[in-house]
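The next block holds one structure in the form of structure tokens; read it before the comments.
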Amino acid sequence: CAKNWSADRLPQGSQLLPDHLDWDLWLGGAPMRPYHSEYLPGKWRRYWDFGSGTMGDMACHYMDLPFWALGLQFPQTVEAEGPPVRPGSAPDWLTVHYAFGPRGDQPPVRLTWSDGGARPSVLAELGLDDWSDGVLFIGDGGALVSNYTDYLLLPEEKFADFEPPEPSIPDSIGHYAEWISACKTREGTSCDFSYAGPLTESVLLGVVAYRTGRRLDWKADSLQAIGNPEADGLIHRAYRPGWEV
């Protein structure tokens with residue numbers, strides 16, 4: 001992913017609070033601080049108290065493809081690489097390595113996330129320099145690179161006669177429309193919490209591994225990183241008084 005939600009440091013000083021903004025409500029469970037326009041409307045992604053950087057913004061979109069295609073849920077181990085950790089703000093780039101165990105008759109699989117300026121060398125090796133955002137599946141007999149509109153099978157000459165299967169996943173009626181429909185009909189959405197929960201959990205574990213600087217051996221049933229006590233304070237957050245959950 002080429003997008004970059006990073007910041008060198010937290011916003012400094014304070015600014016005049018707009019009349020239309022309830023700052024206490026906007027902060028929610030995060031620690032109190034002076035209002036600054038650098039936090040909103042969307043730039044909160046850059047700061048750990050509110051977001052998880054580029055990975056928190058985009059990995060739920062792009063990791064969705066391998067999660068859905070390969071039936072992934074909770075990783076067994078998570079390791080991360082990046083620049084030195086800043087206490088309050090997200091990094092310029094991040095690379096996260098996941099190991100998932102077998103699922104039914106499917107073998108273990110490794111998944112790597114890269115964002116910012118971190119580009120896997122395999123992209124150049126496969127002649128994919130023009131792909132800025134997307135997902136690369138590497139198999140024993142070839143590779144598939146895809147985003148939400150295009151795909152390419154490699155080596156191209158090997159798959160020149162490939163005929164794609166008929167679409168089997170219904171088109172979404174849209175995020176908001178699905179939510180409204182679920183409220184009215186009590187029917188499920190295309191990506192309900194049974195699917196979105198493990199996906200989001202895995203994304204956030206990449207951030208935890210980076211911020212602690214240590215590998216996570218993950219126990220999903222107890223929400224614990226075994227042997228990594230530094231992770232506990234990031235996994236189980238302390239909330240501002242009055243906002244406890």
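The values are calculated or read from the model by the stated rules, or taken from the named source; none is laboratory data. The model shown is predicted, which means the values in this text are computed figures rather than measured ones. Glycine gets a Cβ as well: all are built from the backbone with ideal geometry, and neighbour counts include every protein chain shown. SASA here: full protein model, heavy atoms, side chains in, ligands and nucleic acids out. Shrake-Rupley method; radii C 1.70, N 1.55, O 1.52, S 1.80 Å.
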Report ³J(HN,Hα) in whole Hz for each residue of segment 173-185, in order, from the Karplus equation J = 6.51 cos²θ - 1.76 cosθ + 1.60 where θ = phi - 60°; Gly and Pro get x.
-> 7, x, 3, 5, 5, 5, 4, 5, 4, 5, 5, 7, 9
With x for Gly and Pro, the residue-by-residue ³J(HN,Hα) of segment 46-61, computed from phi through the Karplus equation 6.51 cos²θ - 1.76 cosθ + 1.60 at θ = phi - 60° and given in whole Hz, is 6, 10, 4, 5, 10, x, 9, x, 4, 4, x, 7, 10, 5, 5, 7
For residue 3, the lysines lying under 26 Å Cα to Cα, once residues fewer than eight places off in the same chain are dropped, come out as 43
In square nanometres, what is one fourth of the surface area of the convex hull spanned by the alpha carbons of segment 73-122?
-> 4.6
Chymotrypsin sites (Phe, Trp or Tyr not before Pro), restricted to segment 204-245: which are DSSP loop and have at most 16 other Cβ atoms within 10 Å?
-> 239, 243
Find the centroid of the Cα atoms in segment 222-245 and in segment 61-115, then give the distance between the two in whole Å.
-> 20
Using only the alpha carbons, work out the radius of gyration and Dmax of the chain in angstrom.
-> 20.1, 63
Would you mind getting the accessible area per residue of the chain, heavy atoms of the protein chains only, 1.4 Å probe, in Å²?
-> 61
Please list, in chain and number order, the residues 5+ apart from residue 89 or on another chain whose amide H is under 5 Å from its amide H, with Hs placed from the backbone.
-> 48
Figure the gain on full extension for residue 172 and residue 189 (residue separation times 0.36 nm, minus the Cα-Cα span) and round it to one decimal in nm.
-> 5.2 nm
Sparse-neighbourhood loop sites, chymotrypsin sites (Phe, Trp or Tyr not before Pro) in segment 125-183 - DSSP loop, at most 10 other Cβ within 10 angstrom | 162
What are the semi-axes of the equivalent ellipsoid of segment 1-140, taken as the square roots of 5 times the eigenvalues of the Cα gyration tensor, listed largest first and rounded to whole Å?
-> 35, 17, 13
Read phi for every residue in segment 226-236 and hand back ³J(HN,Hα) as whole Hz from Karplus 6.51 cos²θ - 1.76 cosθ + 1.60, θ = phi - 60°, with x for Gly and Pro.
-> 5, x, 10, x, 4, 6, 4, x, 8, 6, 10
Mean shadow area of segment 125-215, taken as a quarter of the surface of its Cα convex hull (nm²) | 9.7
Can you spot the lysines whose alpha carbon is less than 17 Å from residue 158's alpha carbon? Ignore those fewer than 8 places along the same chain.
-> none
